[in-house]
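Structure, as structure tokens:
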Amino acid sequence: MGAGSSLVATPMGYRANTLLPSPEGAMFKLAVVQFKVPGAKNGGSDKGPDGNRIDSIPIANSIIKAGGACDLILFDSEKNKDDVKEFEALTAKYDALVVRINPGQLSQGTAEGTQARFDDLMNAYIAKGKLIWSSPKIQTQMGAKDALVNIGSLNCGLKDTFAYYTEEELVVGFKKTCAFQPRVIKQNRGSAGEGIWLCWLWDKASNTKVEIYPSSEFGAKSLGDDDYLKLMEMNDNHVEYHTVKEFMTFCIKGPAGEGAGEWKSTFPGEYLKGGKAAHGQLVDQRLLPRIDEGEVRILMAGDTCQMAIHKKPMGGGMSAVGGMSDYTYYKPSDKKYQNLIQKLYADIPTLLPSLHLEGEPLPLLWTCDYIPKNPDNWPDGPYARNCPDEKTEYTVGEFNCSCVGISKFQAVCGGEKTLADVPDEDYFDACQLTDLMGVKAIEMLQHAKKK
């Protein structure tokens with residue numbers, strides 16, 4: 001994980017492929033924390049042959065260029081099998097840690113409880129006033145399935161987003177929400193799409209989808225037990241048709257429940273089983289039909305947008321998530337998404353409190369993925385494609401703050417290539433983001449020091 005200080009001249013300017021020397025007498029000392037998965041080539045598919053994530057050195061150098069001191073530190077699972085004393089001795093002197101460990105890696109080939117012990121140390125550091133990007137709590141709560149429930153009243157959220165923990169909440173809530181707009185119902189267990197249902201109102205007589213929903217405003221009407229639904233489960237995209245009552249029965253009592261009808265799903269329903277303590281929960285979100293037009297990723301460094309990226313699914317796919325997409329890049333000043341970015345800025349002061357994260361610093365690198373939608377009162381309904389850009393609204397579908405990769409650096413990871421193999425054009429383009437991260441890291445430390 002060594003350091004060097006050589007700069008390489010290129011037609012676009014000087015670049016640093018190794019760690020720069022830290023300035024003498026820097027006010028703040030930081031470290032970029034990494035981890036090598038035992039037995040994995042390079043220590044993981046996110047790294048080069050030198051054991052570094054390709055984006056780690058540019059992040060550390062950005063902090064150095066912003067006036068801080070920064071080292072690269074390795075969490076060694078062999079030296080921290082039973083406790084984290086060795087790692088604590090390495091890191092106690094720093095004012096802040098930038099953790100660049102992919103989710104789940106600390107549980108690969110390590111002693112049981114390694115992730116928990118690492119998180120406990122990070123939380124202990126936070127209690128002592130150190131800044132950790134991103135903290136365990138931030139990663140858990142910004143990425144949770146019910147995060148969108150908590151931001152329902154913000155510009156980036158939707159008020160008809162709910163979490164259900166009881167039968168009454170589910171039945172009353174779903175009948176109200178599905179009378180308003182198509183839905184996505186998500187269980188709180190599993191990760192392969194099982195128990196995630198897309199729900200549309202369906203006209204059984206004509207065998208066509210209902211274009212205009214009963215409620216023009218949320219809460220105006222509720223569905224009845226016999227209203228008919230088209231349902232698609234996201235684990236295998238199979239389609240079923242059921243009444244509202246049958247779907248509610250399946251969600252609560254499973255396919256064997258009285259009145260559930262016949263189900264093709266290979267999973268057992270009963271999503272509320274065990275209650276909240278056992279993660280028995282359903283999240284009810286609006287299904288936004290215009291998602292197939294693409295999503296807009298807002299790339300943030302702290303409180304500042306560095307870029308907006310339009311991701312459009314290729315080949316007629318429904319979503320840009322998990323598939324091949326075409327990318328178009330926009331500066332924050334570009335008119336197309338300027339209003340969207342300004343609305344996000346307006347939300348930032350209340351975003352973390354809304355997620356029960358008062359007192360936490362914003363992630364150093366994070367993203368918001370927005371989905372386009374028609375206004376709720378659009379005369380032709382949610383499916384219509386005649387809503388112009390200036391009237392199109394956007395809502396967050398997901399936050400990501402868990403070791404967000406910097407794509408133009410990470411494009412060369414996993415094999416024999418290192419940071420030196422990143423083309424000059426990509427290097428300097430990606431450094432615009434890392435340089436902003438360095439500035440924001442020092443700003444946040446200065447703000448914390450004033451408290």
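No value in this document is a laboratory result; all are computed from the given coordinates. Just so we're clear, the structure is a prediction, and the values are computed from it rather than from any experiment. Glycine also receives a Cβ, built like all others from the backbone with ideal geometry; neighbour counts cover every protein chain displayed.
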Quiz item: What is the sum of charges around residue 113, taking Lys and Arg as +1, Asp and Glu as -1, for the other residues whose C-beta is under 11 Å from the C-beta of residue 113?
Solution: -3
Quiz prompt | Set 245/373; 47/417; 176/276; 36/65; 29/449; 159/373 screened for pairs whose C-alpha atoms are more than 19 Å apart | solution = 245/373; 176/276; 36/65
Quiz item: How big is the antiparallel share of DSSP beta bridges in the chain, given as a percent to the nearest 5?
Solution: 80
Quiz item: If each of residue 92 and residue 342 carries a label point 7 Å out from its Cα toward its Cβ, how far apart are those two points in nm?
Solution: 5.1
Quiz item: Which whole-Hz ³J(HN,Hα) couplings does region 36-52 yield from phi under the Karplus relation 6.51 cos²θ - 1.76 cosθ + 1.60, θ = phi - 60°, glycine and proline marked x?
Solution: 9, 5, x, x, 8, 4, 6, x, x, 5, 8, 10, x, x, 7, x, 9
Quiz item: Rounded, prolate or oblate: which fits region 185-247, taking a ≥ b ≥ c as square roots of the Cα gyration tensor eigenvalues, rounded meaning a/c under 1.5, else prolate when a/b beats b/c?
Solution: prolate
Quiz item: Over region 166-280, what lengths in whole Å, largest first, do the semi-axes of the equivalent ellipsoid take, defined as the square roots of 5 times the eigenvalues of the alpha-carbon gyration tensor?
Solution: 22, 16, 13
Quiz item: Taking residue 41 as the anchor, which aspartates and glutamates have their alpha carbon closer than 13 Å to its alpha carbon, excluding any fewer than eight residues away along the same chain?
Solution: 50, 416
Quiz item: What are the principal axis extents of the Cα atoms in the chain, in Å, biggest first?
Solution: 75, 51, 45
Quiz prompt | Qualifying trypsin sites (Lys or Arg not before Pro) in region 264-301, DSSP loop, other Cβ atoms within 10 Å at most 11 | solution = 264
Practice problem: Starting with the highest mean, order 352-358, 367-373 by the number of other Cβ atoms within 10 Å, averaged over the residues of each peptide. | Solution: 367-373, 352-358
Quiz item: Expressed as an acute angle from 0 to 90° and rounded to the nearest 10, what is the orientation of the C-alpha long axis of helix 114-127 relative to the principal long axis of the chain?
Solution: 80
Quiz item: Using modelled amide H (1.01 Å from N, peptide plane; none on Pro or chain starts), what sits under 5 Å from the amide H of residue 286, excluding residues fewer than 5 places away?
Solution: 184
Practice problem: Compute the relative contact order of region 166-280 as a whole-number percentage, counting only Cα pairs closer than 8 Å that sit 6 or more residues apart in sequence. | Solution: 24
Practice problem: Determine, for each peptide in 26-33, 90-97, the mean count of other beta carbons within 10 angstrom over its residues, then list the peptides with the highest first. | Solution: 26-33, 90-97
Practice problem: Provide the per-residue ³J(HN,Hα) series for region 275-290, in order, calculated from phi with Karplus coefficients 6.51, -1.76, 1.60 and θ = phi - 60°, each as a whole number of Hz, with x at glycine and proline positions. | Solution: x, 4, 4, 9, 6, x, 7, 10, 9, 10, 10, 6, 7, 9, x, 7
Self-check item: Normalised contact order of the chain, rounded percent, pairs of Cα under 8 Å and 6 or more residues apart
Solution: 19
Practice problem: First measure r as the distance between the Cβ atoms of residue 120 and residue 380, then evaluate 1/(1 + (r/R0)^6) with R0 = 51 Å and state the FRET efficiency to the nearest 0.05. | Solution: 0.45
